[in-house]
Amino acid sequence: MKIGCPKEIKNREYRVGLTPAAVAAYVRAGHEVFVEKSAGIEAGFPDAEYELAGARISHEADEVWQAADMIVKVKEPLPAEYARMRESQIVYAYFHFAADRELTDACLKSRASCVAYELVAESWGLPLLQPMSEVAGRMSAIMGAYYLGKHNGGSGVLPMGVPGVAPANITVIGGGTVGINAARVAAGIGARVSILDVSQKRLAYLAEVMPANCAPLFSDPLTLAREMAASDVVIGAVLIPGGSKAPRLITREHLKTMRNGSVFVDVAIDQGGIAATSRATSHDNPVFIEEGVVHYCVANMPSAYGRTATLALSNATIKYGLEIANRGLKDACGNDEALLKGLSTHKGELLVKPVADTFGIKRKCPKEALGL
Ligand SMILES: NC(=O)c1ccc[n+]([C@@H]2O[C@H](COP(=O)([O-])OP(=O)(O)OC[C@H]3O[C@@H](n4cnc5c(N)ncnc54)[C@H](O)[C@@H]3O)[C@@H](O)[C@H]2O)c1
């Protein structure tokens with residue numbers, strides 16, 4: 001198969017779809033790899049390292065898109081890339097369709113086979129979302145702490161306090177991968193942390209593994225309201241599996257109960273966000289204020305730590321990428337249920353039920369679409 005890795009064009013996106021080690025793995029398996037010039041430069045991988053691994057460097061993005069049977073990238077295609085997708089081409093990337101109707105329509109129109117990283121699902125979890133959730137979760141606590149600074153528009157509360165002065169209260173809503181990583185860093189810097197979830201099983205696990213300054217709590221409306229009112233930082237880390245939009249758990253009334261200059265980091269913004277006030281921001285202009293609360297809603301947080309994020313992502317995507325390249329899409333999906341769940345569009349058909357429900361579009365069963 002011909003594998004293509006274009007340079008990311010999203011604002012401040014520093015990650016890249018393939019590392020030189022991933023290129024070497026595809027080449028070893030007998031595939032050809034085309035990498036756009038400077039695609040990995042922001043993640044610390046110069047073209048020479050890709051060439052050494054066996055890639056061909058292409059000077060134009062169009063060359064890569066035209067040559068490739070499978071595009072491996074990080075973020076969803078942007079409008080400038082829509083026309084580059086084509087029928088029979090596999091696009092292997094994050095998509096988050098439910099948050100973006102225009103993207104969904106463009107992928108359907110292109111008739112490309114889009115495999116969404118965030119929807120590849122093993123029985124134990126989401127293997128391609130997990131590494132970025134680890135990065136974003138850890139980073140969300142750092143961002144919360146940073147924007148508490150008065151000079152950054154915050155309330156001026158030092159997260160870890162000082163002798164004689166209490167630390168900040170940090171509430172994490174959603175105790176999955178983002179949540180546990182956020183809570184760990186928040187607890188590690190000395191804040192008083194609560195982590196809310198609706199899964200009893202997950203709460204029992206959190207109670208076992210989290211330190212004493214982190215309280216796992218069942219997320220009911222009263223507890224949520226009480227914790228928010230007492231919080232200096234709130235981190236949104238909820239996910240409804242399967243591609244649904246994030247639930248809007250936080251209202252303007254909740255935000256009004258918080259101290260002015262408190263911070264809300266909505267990591268779940270890539271699925272639409274968990275607050276009525278959430279709207280996606282970028283690394284260029286990451287925050288805005290609503291109801292006196294600083295909102296940080298960057299949809300591609302891990303890009304800020306692009307080298308770590310690229311290495312972690314590529315470590316995870318290579319397994320399924322090789323399955324597709326070695327067996328072809330139909331055979332690979334027929335052989336691996338986890339991968340089949342990630343196949344979201346194919347020959348103009350939408351295959352993911354929650355996305356179809358969100359937009360009122362007809363959905364086809366993935367097996368039927370592939371002729372399995
Ligand atoms: N902004 C970014 O750059 C970025 C990066 C990585 C991940 N994310 C997003 O972060 C979100 C969380 O991802 P994750 O990997 O932690 O998912 P996850 O599935 O590991 O965890 C989600 C948790 O939310 C809990 N939950 C569901 N409904 C809830 C409710 N009503 N109240 C409280 N908890 C509830 C679930 O029980 C689960 O434990 C996703 O939307 C993901 O796409 C964003």
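The values are calculated or read from the model by the stated rules, or taken from the named source; none is laboratory data. If you're wondering where the values come from, they're calculated on a predicted model, not measured in any experiment. Note: ideal-geometry Cβ built from the backbone for every residue, glycine included; neighbour counts use all protein chains shown. Accessible surface is based on the protein model in full, side chains and every heavy atom, while ligands, DNA and RNA are left aside. Shrake-Rupley method; radii C 1.70, N 1.55, O 1.52, S 1.80 Å.
Summary table
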item: Greater than 27 Å apart at Cα, pairs in 73/201; 75/150; 7/319; 256/353; result: 73/201; 75/150; 256/353
item: DSSP bridge pairs, the range 259-372: antiparallel proportion in percent, nearest 5; result: 60 percent
item: Amide H within-cut-off set for residue 234, under 5 Å, with H built and near neighbours excluded; result: 171, 263, 264, 265
item: Dipole-positive endmost among 14, 34, 55 within the range 1-71 (Cβ charges, Cα centre); result: 14
item: Compactness of the range 176-267, expressed as Rg and Dmax over alpha-carbon positions, Å; result: 12.9, 36
item: Residue 21/residue 326 FRET efficiency (R0 25 Å; Cβ-Cβ; nearest 0.05); result: 0.90
item: At R0 = 41 Å, FRET efficiency that the Cβ-Cβ distance of residue 162 and residue 280 yields, to 0.05; result: 0.70
item: Contour excess over end-to-end distance, with Cα ends at residue 240 and residue 52 and 0.36 nm allotted per residue; result: 63.5 nm
item: Heavy atoms of residue 209 accessible to a 1.4 Å probe, total area in Å² rounded to 10; result: 50 Å²
item: Once the Cα gyration tensor of the range 173-215 is diagonalised, semi-axes √(5λ) in Å; result: 16, 10, 8
item: Farthest positive-ward along the chain dipole, Cα basis, beta-carbon charges - from 77, 127, 163; result: 163
item: Probe 1.4 Å, protein heavy atoms only - accessible area per residue of the chain in square angstrom; result: 41 Å²
item: Computed Rg/Rh of the chain, alpha carbon atoms with Kirkwood Rh; result: 0.99
item: Computed helical MRE - 222 nm, the chain, DSSP H runs ≥ 4 contributing -39500 (n - 2.57), nearest 500; result: -10500 deg cm²/dmol
item: Added length on full extension, which subtracts the Cα-Cα distance from 0.36 nm per residue, residue 307 to residue 151; result: 53.3 nm
item: Student exercise, the chain dipole from Lys, Arg, Asp, Glu Cβ charges, in Debye to nearest 20; result: 480 debye
item: Under Karplus coefficients 6.51, -1.76 and 1.60, residue-wise ³J(HN,Hα) of the range 108-121 in Hz, glycine/proline x; result: 5, 4, 5, 6, 5, 9, 9, 9, 8, 3, 5, 9, 5, 10
item: Karplus-derived HN-Hα couplings along the range 20-26 (A = 6.51, B = -1.76, C = 1.60, θ = phi - 60°), whole Hz, x at Gly and Pro; result: x, 5, 5, 4, 4, 5, 5
item: Residues with amide H under 5 Å from that of residue 96, placed H, sequence gap 5 or more; result: 118
item: Kirkwood Rh and Cα Rg combined as Rg/Rh, the range 62-146; result: 1.05
item: Antiparallel content of DSSP bridges confined to the chain, in %, to 5; result: 20 percent
item: Area of residue 59 that stays accessible when all protein chains are in place (1.4 Å probe, Å², to 10); result: 120 Å²
item: Accessible area (Å², 1.4 Å probe, nearest 10) - residue 95; result: 0 Å²
